[in-house]
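So the structure is just underneath, and the comments pick up after that.
The values are calculated or read from the model by the stated rules, or taken from the named source; none is laboratory data. Please read these numbers as outputs of a predicted model, since none were measured by experiment. Here Cβ is always computed from backbone atoms with ideal geometry, including for glycine, and neighbour counts include all displayed protein chains.
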Amino acid sequence: MPSSKFILFGYNSTMPLTADQEKLIKQDIKSKVFLQGPAGSGKTTAGIHWLTKLIKAGIPPHQILIFTPQRTLSLPYQNTLYQEEVQAHGPVNSLTLGGLARRMVDLFWPLVGIDAGFGTPNKAPNFLTLETAQYYMAHLVRPLIEEKGLFDSLTINRNRIYAQILDNLNKAAVVGFPYEEIGGRLKSAWVGDIEQLHIYDDVQFCADQFRSFCLENNLLDFSLQVEVFLKHLWTSPMCRSYLSQFYRHLIVDNIEEDTPVTHDILKEWLPDFESALIIFDQEAGYRSFLGADVESAQSLKDSCDKIINFEKNLVSEDGIRQVSLGINNAIARLKGTPQSNPEPSFEAVRAAIVSPAENPKYFPGMVAWVADQIANLINDGVSPGEIVVLAPFMPDVLRFTLTNRLDELGIPNQSHRPSRSLRDEPATQTMLTLGRIAFHSWEMLPERINLAYALVQAIDGLDLVRAQLLTAYAYKKSGSDFPLHPFEAIPPHVRDRVTFRVGERYDRLRNWLENINTQAELPLDFFLNKLFGEVLSQPGYGFHDKLDSGNTVAILIESIQKFRWAIGEQLVSDEISIGKEYIQMVNEGVIAAQYVQSWETGDEDAVLLSPAYTFLISNRPVDVQFWLDIGSPSWYQRLDQPLTHPYVLSRAWEHGELWDAEDELAASYQSLQRLSVGLLNRCRKKVYLGMSDLDVRGYENRGLLIRIIQNILQHARRETS
Amino acid sequence: MKLPEGFDFTQSNLKDYLDCPYRFYLKYVLHTKWPALLVDDALAFEERGKAGARFHRLIQQYLLGIPQSRLDAIAQSDPNPEITRWWENFLENVPHLLEGQRYVEASLSTPMLNQRLVAKYDLVLVQDESQLVIFDWKTSGKRPRKEWLLDRVQTRLYRYILTKAGGSLTGTDEISPEQITMNYWFAPHPEAPISLPYNQKAFQADQTYFENCIQEILDRKEENFFRTDDERKCRYCLYRSHCDRGVNAGDLQGFDAFELDEENFEFDLDFDEIQEIEF
């Protein structure tokens, strides 16, 4: 069963086929086909029909492998199997590179543990999550920063240092170069201040330290999983024979969003399959920051018997196609390589693009305009599910402002997989604050005000004023005694104000916290399980009947459990408390900084708020798109990542070449072209452009996208007149 | 009621429904996580589950042909000494039973009332004369009676689905129930597996049973997924506080270890879900 909700375009194997799709389906069942075409040309629908054809031909579903760069992209294929007429006798297998590597390393660990150089090959491998990898990186790099002055010329948050070193290791693994070359590659392309070069030596040193530590302790972060799979299992006859016997038919979708190492593997694997369909989306390659490589994806053409082209976008109306044409022409002009394409019609472009008569100065004005336009559209009969609001990133402040405004207008809306800070959730803070009270020997007692907030959340009927009063008298931070005093120990006039009913609940919670660790100290996750189940979710307490809080606490506990499983053994041998270490890491922002809700219970017929790249990857066309903050450079600029570089660490980059301003500009043009044309390919009727003179952070908005839109309109007007 | 997109009926969610319709509703329709403890001695419970998962993995590796010497070394290094004993029991008592084409960790499904029934088998053997033998490895302490096993949802569902979908393993159109046997092998009681042959009568009874059960779920309105009347079921239910059905989790000794799903104790990574992250 899919682990997460994914909003899907209505792929349906009963829809009538286009001539292009018919052409694919008529291919022999033993064919190996490379299918290419623009977004919206019906490639995935054709892929689903191909899958249906395989199953109807009697091929057992377990022999069919769906390979995608991201697991959610295989859901349309999985969901097809639920259609009555398909009658599949089992699920098909879906894999990504990460899933394949992890599964094979886990299964064939007895074969690789010794050869790959792990310290204790007879013990089980310990797979790291992003969080736990970041923890170990922090564990190793923090002392190097503090004691040896590594990265001393950098003024960025330490957690970004840890994340970018990990990102480099991952890039080395998925691009397919030795991780020992990270620093050298970055240095060879650097054109700035020569004194800065030493930070790349620091990066390499930290990457080396991390890898050695992982090998010594049987720890496998993503990069090591991929490397072990590639070096030791992909070359192992037993593993290869297992894969070849298990999977006989292959369907790959969005090959252009996958990495060079994936392409290498698939190229070698293709001859073993009885049939293969490889789907390539032209003008895409949006995940380059995660290592996606369009050029190496195209090389798979040579390994297929047949190449089929889908020419026509079936989604967009003429006006949107004209805007798309205008963007391609405008970017070509800006690059100094004008094309001989016709210019779009001014009327068609004007009809397809809507913008405010006058730009508001501040972003709340833009949000108000967007919300009003959405309300008008819905009044005119547009379904909320056919509207999507996009921005390169969807910062919380923008998301919350817009959500609130839409809520006020009574417009159903949902945010696509919001990434939220787990540690900032009130339920999380409540649990961890009470944990710090129960484990008072850790000497991490919370501030009085934080305890007051936690008690407001924890005890039904307690407000902040009375919680502050209660903690002022009942909470003593000094000494080694249990820091919360019984209700009866506080002055009678205070008890009267707090009320005896609340006092009774407070006492029950207090006594529970005092007694829970008297026999033996529980692991923090089990402690929180018990606190939630035995107290806070009981009648009279804050989480009783609060299903949302239950979900948040469950995610926190799962995070702690994974931390204990991955780190516990190491910490126990160092005589460090796992729970205490977890809380310290939360405070430092190393872990619990971000989480993705695994299941959203949203209304699908709702306006969707989404980061632009997430929307692109979801392959979901809509009638109307709103592009927010179009003056922002985030529409085309790379993230500021001083310790890594997606282009320099890509396979296409020539070692020794310098990355200069021209390269940066060319990369910006390419990003903007891919993103904007990609979005238009998923838009049927209209694009609304939201902008304000100043952006969310108060910076002036004069980015490239605005200039391009103006350029299109000027040329179209000139051409038309 | 319409079930969520992508919902499959499995032995565990059917058992949840049979135990308590409201539990089924919270867990699979609302996707409510309720982070209370299932049993009181959580650490021992976790260790039991993780040991079971490691033992299943060892057998899987053995069945794939990984050299036994490597697996012996891993079993002997396991922090839980029971694994070594179970592993020895397995090697002494099981390999000679494993003749035939092996389908390890195979998943099969069959449609019913426009829904999908799914089973994941530890092992299916396709033997000569088209006999299909299911093996299910158990690490629970007690060896139950045959009659008790025959009544379990797992037994009924696994044999039923293999009858309906086993053709995809044998390459034949139809499988008769008489071709199917389900073997439960208990690692702490290794002598012989408990063998449960299937037949047409049991197949018909199972079909009616599952159809009635699924139809009942589909016919229920959301507000009619009631809490169970049997409050003993609430002792080992995560939602007990939500339902005001008790404070403390049930004791580990009383937990029906047969129902322990080792997959819950496997480390589940989700690298595939990496979205854009602002570093």
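Of A:Ile331, A:Ile308, which residue is touching a residue at least 12 places away in the same chain (Cβ under 8 Å), closer than 30 Å to A:Leu713 by Cα and aliphatic (A, V, I, L, M)? Selected residue: A:Ile331, the only one of A:Ile331, A:Ile308 that is touching a residue at least 12 places away in the same chain (Cβ under 8 Å), closer than 30 Å to A:Leu713 by Cα and aliphatic (A, V, I, L, M). The number of residues in the stretch A:505-538 that are facing chain B (nearest Cβ under 9 Å), free of Cβ contacts under 8 Å to residues at least 24 places away in the same chain and either farther than 30 Å from A:Glu575 by Cα or of a type in the set (A, V, I, L, M) (or both) comes to 3.
If you go through the stretch A:338-355 and pick out every residue that is farther than 17 Å from A:Arg707 by Cα and either among the acidic types (Asp, Glu) or without any contact (Cβ under 8 Å) to a residue 12 or more places away in the chain (or both), you end up with 3.
When residues in the stretch B:105-160 are screened for being among the aliphatic types (A, V, I, L, M) and farther than 22 Å from B:Leu58 by Cα, 10 of them pass.
Taking the criterion of being without any contact (Cβ under 8 Å) to a residue 12 or more places away in the chain and of a type in the set (S, T, N, Q), the residues of the stretch B:58-95 that qualify are B:Gln61, B:Ser69, B:Gln76, B:Ser77, B:Thr84. Summed over the stretch A:613-623, the residues that are in contact with a helix residue (DSSP H, G or I) (Cβ under 8 Å, 6 or more places away or on another chain), more than 9 Å from chain B (Cβ to nearest Cβ) and at pLDDT 80 or above give a count of 4.
Of everything in the stretch A:432-456, what is part of a helix (DSSP H, G or I) and over 20 Å from A:Asn515 (Cβ atoms)? Give them in sequence order. Matches in the stretch A:432-456: A:Arg448, A:Ile449, A:Asn450, A:Ala452, A:Tyr453, A:Val456. Restricting A:Ala116, A:Ala138, A:Ala133 to residues that are within 15 Å of A:Ala101 (Cβ to Cβ), assigned to a helix (DSSP H, G or I) and either more than 10 Å from chain B (Cβ to nearest Cβ) or over 26 Å from the mean Cα position of the chain (by Cα) (or both) narrows the list to A:Ala133.
Just to be sure before I move on: is B:Lys27 within 12 Å of another protein chain (Cβ to nearest Cβ), part of a helix (DSSP H, G or I) and touching a residue at least 12 places away in the same chain (Cβ under 8 Å) in the structure I sent? Here the answer is yes, as B:Lys27 does meet what is asked. When A:Pro69 is tested against (1) outside any helix (DSSP H, G or I); (2) more than 12 Å from chain B (Cβ to nearest Cβ), exactly one condition is not met: (2).
Residues in the stretch A:457-487 that are aliphatic (A, V, I, L, M) and either assigned to a loop (DSSP other than H, G, I, E, B) or loosely packed, with under 13 Cβ neighbours inside 10 Å (or both): how many?
So the answer is 4.
Assess whether A:Pro344 counts as being over 30 Å from A:Ala46 (Cα atoms), of a type outside the set (Gly, Ala, Ser) and in a loop (DSSP other than H, G, I, E, B). Criteria met by A:Pro344. Looking across the stretch A:634-664 at every residue that is assigned to a helix (DSSP H, G or I) and either away from chain B (no Cβ under 14 Å) or among the hydroxyl-bearing types (Ser, Thr, Tyr) (or both), the one that is farthest from A:Arg160 (Cα to Cα) is identified as A:Glu662. Say whether the condition of being more than 9 Å from chain A (Cβ to nearest Cβ) and without any contact (Cβ under 8 Å) to a residue 24 or more places away in the chain is met by at least one residue in the stretch B:30-52. The answer is no; no qualifying residue exists.
Residue-level analysis places A:Ala606 among those that are modelled with pLDDT of 85 or more, out of contact with any Asp or Glu (no Cβ under 6 Å at 6 or more places or on another chain) and of a type outside the set (Ser, Thr, Tyr). For B:Phe210, the conditions (1) touching a helix residue (DSSP H, G or I) at 6+ places or on another chain (Cβ under 6 Å); (2) assigned to a helix (DSSP H, G or I) are fulfilled apart from (1). Among the residues making up the stretch A:507-540, a single one is buried (at least 24 other Cβ atoms within 10 Å of the Cβ) and outside any helix (DSSP H, G or I): A:Ser537.
Does any residue of the stretch B:74-81 turn out to be assigned to a loop (DSSP other than H, G, I, E, B), out of contact with any Gly (no Cβ under 7 Å at 6 or more places or on another chain) and either at pLDDT 95 or above or surrounded by 17 or more Cβ atoms within 10 Å (Cβ to Cβ) (or both)? Scanning the stretch B:74-81, I find at least one residue that is assigned to a loop (DSSP other than H, G, I, E, B), out of contact with any Gly (no Cβ under 7 Å at 6 or more places or on another chain) and either at pLDDT 95 or above or surrounded by 17 or more Cβ atoms within 10 Å (Cβ to Cβ) (or both), so the answer is yes. The C-beta contact set for the stretch A:267-285 (first residue assigned by TED's automatic domain parsing to the domain that holds A:Val33, second residue crowded, with 19+ Cβ neighbours inside 10 Å and aromatic (Phe, Trp, Tyr), distance under 6 angstrom, 6+ apart or interchain) comprises A:Leu277/A:Trp50; A:Ile278/A:Phe34. For the stretch A:192-232, which positions are polar (S, T, N, Q), buried (at least 16 other Cβ atoms within 10 Å of the Cβ) and without any contact (Cβ under 8 Å) to a residue 60 or more places away in the chain? Of everything in the stretch A:192-232, those that are polar (S, T, N, Q), buried (at least 16 other Cβ atoms within 10 Å of the Cβ) and without any contact (Cβ under 8 Å) to a residue 60 or more places away in the chain turn out to be A:Gln204, A:Ser223.
Scanning the stretch A:668-689 for residues that are out of contact with any Phe, Trp or Tyr (no Cβ under 6 Å at 6 or more places or on another chain) and of a type in the set (Gly, Ala, Ser) gives A:Ser676, A:Gly678.
Take the residues of the stretch A:550-566 that are of a type outside the set (A, V, I, L, M) and surrounded by 23 or more Cβ atoms within 10 Å (Cβ to Cβ): which is nearest to the other protein chains (Cβ to nearest Cβ)? This residue is A:Gly550. One residue stands out among those in the stretch B:7-23 that are within 13 Å of chain A (Cβ to nearest Cβ) and in contact with a strand residue (DSSP E or B) (Cβ under 9 Å, 6 or more places away or on another chain): the one that is surrounded by the most Cβ atoms within 10 Å (Cβ to Cβ), which is B:Phe9.
Residues in the stretch A:356-397 that are more than 29 Å from the chain's Cα centre (by Cα) and without any contact (Cβ under 8 Å) to a residue 40 or more places away in the chain: 9 in all. Residue-level check: of (1) more than 10 Å from chain A (Cβ to nearest Cβ); (2) not in a helix (DSSP H, G or I), B:Leu91 misses just (2).
The requirement of being surrounded by fewer than 23 Cβ atoms within 10 Å (Cβ to Cβ) and at the interface with chain B (Cβ under 9 Å from one of its Cβ atoms) is fulfilled somewhere in the stretch A:43-58, by at least one residue. Taking the conditions exactly as written (in a helix (DSSP H, G or I) and within 14 Å of chain A (Cβ to nearest Cβ)), does B:Ile217 satisfy them or not? When the stated conditions are applied, B:Ile217 does not pass them. Determine, yes or no, whether A:Leu398 is within 16 Å of A:Leu628 (Cα to Cα) and either β-branched (Val, Ile, Thr) or modelled with pLDDT under 90 (or both). Taking the combined requirement at face value, the residue satisfies it. Looking for something among the polar types (S, T, N, Q), closer than 30 Å to A:Tyr688 by Cα and crowded, with 20+ Cβ neighbours inside 10 Å - is there at least one such residue anywhere in the stretch A:314-321? So far as the stretch A:314-321 goes, yes, one or more of its residues are among the polar types (S, T, N, Q), closer than 30 Å to A:Tyr688 by Cα and crowded, with 20+ Cβ neighbours inside 10 Å.
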